[in-house]
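Novice: Once you've had a glance at the structure underneath, I'll fire off some questions.
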Amino acid sequence: MTELNNFLSTETTPEIAKIFGAIEKASFILSKEVGYQGLGADILGADGGENSTGDAQQKLDVYADNVFERALRSSGVIAGWASEESEKFVTFEENKDAQYVIVIDPLDGSSNIDVNVSIGTIFGIYKRVSKVGAPVTLNDFLQKGSHMIAAGYVLYSVSTQMVLSTGHGLHVFTLEQWKKSYHRVLDHVHTPQDGKVYSINEVNFDDFDPKLKRFIQYCRDKKNEKGKRQYTGRYIGSLVSDFHRNLLKGGIYVYPATGEAPQGKLRLVYECIPMAYLISQASGYATNGVDDILKLQPTELHQKSPLYLGSKVMMDEVMKD
Ligand code: P6P
């Protein structure tokens, strides 16, 4: 039993612990492959294909999708999944009696792969609403975030870390590469109530709604008690990386509606909702600029949504009318 599994056995059911065990195994493989970038490994660069929603696929996107699918199928406790890389959800026939389903972005930020910038896997777990023993249905994956029972991300960076919650707080594990095991480094993390960082692609400033423009100007102008700037901009262009820094240091991440992306760019089901679940477990919160992300009713598997999430004080400020 791995340390991660040991910890989860005190936090959740054996089935949920088994799901995280599958994610753990798949992340070992991906962490190694990501680490080979630049060595001519033939899994870098564009795959030439497109995913279900027209995003150019990187070879590592497709590779990650296969690795996570194999691991989750063999866990025996996932009845089906919805992945960013496939247009439709998939029933894992061999696990039709299983009670859980997973929504996943196997590799977010993959355009950063070739320039050695950190990337991540995002996932969320639901109890299926369809009949156990039957194929999974679309409704299994279009559940509100308030019904999510666990979520996490894996950040492939200077070190590989898994951040997770099963509803009892948010915990951080670091992968010890040579031993192939995760070690808990932080538990019951609460993101600072206020922060110093706002993360947004300001090239779209002219498209932002007046409320957001006001917030950006507020961040640019706000001084601390020493008369120094209170806030600074940090934007890696990788949601998991920006989220992780802001989670630990305090801050806000915003991908709003823009001219090119009137519904935002991020996917509600397998990016926004799992990240909203995680920040809510760490005393922050997430909205689509108007409503709590966890209260939204998804209507399509790959629908997009604006995403505002982070420290309470900064979120309250950006949400002010
Ligand atoms: P832009 C990566 O493609 C991603 O989905 C997020 O990880 C990241 O925060 C965002 O898009 C970057 O998008 O339009 O600012 O380059």
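The values are calculated or read from the model by the stated rules, or taken from the named source; none is laboratory data. If you're wondering where the values come from, they're calculated on a predicted model, not measured in any experiment. All Cβ positions, even for glycine, are placed from backbone atoms using ideal geometry, and neighbour counts span all protein chains on display. With ligands, DNA and RNA removed, areas are computed over all heavy atoms of the protein, side chains included. Shrake-Rupley method; radii C 1.70, N 1.55, O 1.52, S 1.80 Å.
Novice: Residues with beta-carbon under 11 Å from that of residue 168, excluding residue 168: net charge, scoring Lys, Arg +1 and Asp, Glu -1? Walk me through the intermediate numbers first.
Specialist: Numbers: positive: none; negative: 11, 187.
Net local charge, residue 168 excluded: -2.
Novice: Can you tell me which of 289, 152, 259 moves the most in a GNM of the chain? Springs connect C-alpha atoms under 10 Å apart.
Specialist: 259
Novice: Select from the chain the helices, each a whole stretch of DSSP H, whose alpha-carbon atoms run 20 Å or more along the helix axis and whose Kyte-Doolittle mean is at least 0.0; answer none if there are none.
Specialist: The qualifying helices are 14-35.
Novice: Sort 81, 178 from largest to smallest accessible area, using a 1.4 Å probe on the heavy atoms of the protein chains. All intermediate terms of the calculation are to be shown ahead of the outcome.
Specialist: Numbers: 81 0, 178 200 Å².
From most accessible down to least: 178, 81.
Novice: May I pose another question? Debye sum, Cα scatterers, the stretch 197-318, no solvent: what log₁₀ I/I(0) at q = 0.10 1/Å?
Specialist: At q = 0.10 Å⁻¹ the computed log10 ratios are -0.28.
Novice: Take each of the peptides 270-276, 237-243, 165-171, average the number of other beta-carbon atoms within 10 Å over its residues, and list them starting from the highest. Mind dumping the intermediate values first?
Specialist: Values: 270-276: 27.9, 237-243: 23.1, 165-171: 19.3.
Final packing ranking: 270-276, 237-243, 165-171.
Novice: Ok, one more. What order, most packed first, do the peptides 111-122, 60-71, 131-142 have when packing is the mean number of other Cβ atoms within 10 Å of each residue? Display every interim value, and only then the final one.
Specialist: Working: 111-122: 19.5, 60-71: 21.7, 131-142: 15.7.
Top to bottom by mean Cβ count within 10 Å: 60-71, 111-122, 131-142.
Novice: Can you spot the aspartates and glutamates whose alpha carbon is less than 18 Å from residue 211's alpha carbon? Ignore those fewer than 8 places along the same chain.
Specialist: Excluding near neighbours in sequence, the set is 202, 221, 291, 292, 316, 317, 321.
Novice: Consider a paramagnetic label point 7 Å from the Cα of residue 261 along Cα→Cβ; state which residues of the stretch 290-307 have an amide N under 14 Å from it.
Specialist: Answer for the stretch 290-307: 303-307.
Novice: While we're here: Residue 301: net charge of surrounding residues, Cβ under 9 Å, Lys/Arg +1, Asp/Glu -1, itself excluded?
Specialist: Numbers: positive: 88, 267; negative: 87, 300.
Local charge sum for residue 301: 0.
Novice: Now, a different point. On a straight-distance basis, which lysines could pair with residue 179 in a cross-link, Cα separation under 16 angstrom, same-chain partners fewer than 8 positions away excluded?
Specialist: Leaving aside lysines fewer than 8 places away in the same chain, those within reach of residue 179 are 25, 32.
Novice: If you don't mind, another one. Distance cut-off 26 Å, Cα to Cα: go down the list 228/249; 88/180; 223/249; 88/304; 127/196; 18/180 and report the pairs above it.
Specialist: Values: 228/249 18 Å; 88/180 33 Å; 223/249 18 Å; 88/304 16 Å; 127/196 37 Å; 18/180 17 Å.
Beyond 26 Å: 88/180; 127/196.
Novice: Which net charge results for the neighbourhood of residue 310, defined as the other residues with beta-carbon distances under 11 angstrom from its beta-carbon, given Lys and Arg at +1 and Asp and Glu at -1?
Specialist: Spelling it out: positives minus negatives among the neighbours equals -1.
Novice: Reachable aspartates and glutamates from residue 226, Cα under 18 Å, same-chain residues fewer than 8 places away excluded?
Specialist: Qualifying aspartates and glutamates at Cα under 18 Å: 194.
Novice: Same structure again: The stretch 231-248 to the stretch 139-216: how many Å between their Cα centroids?
Specialist: What the calculation gives is 9 Å, centre to centre.
Novice: Moving on. Could you work out which residue, out of 126, 231, 277, moves most in a Gaussian network model of the chain, that is, has the largest mean-square fluctuation with Cα springs under 10 Å?
Specialist: 231
Novice: Using unit Cβ charges (K, R positive; D, E negative) and no other charged atoms, how large, in debye to the nearest 20, is the dipole of the chain about its Cα centre? Please report the intermediate quantities before stating the final value.
Specialist: Values: 34 positive and 40 negative charges, 223 e Å.
That gives a dipole near 1080 debye.
Novice: May I pose another question? Once you've got the GNM for the chain with C-alpha springs shorter than 10 Å, pick whichever of 263, 193, 177 has the biggest mean-square fluctuation.
Specialist: Fluctuation is largest for 177.
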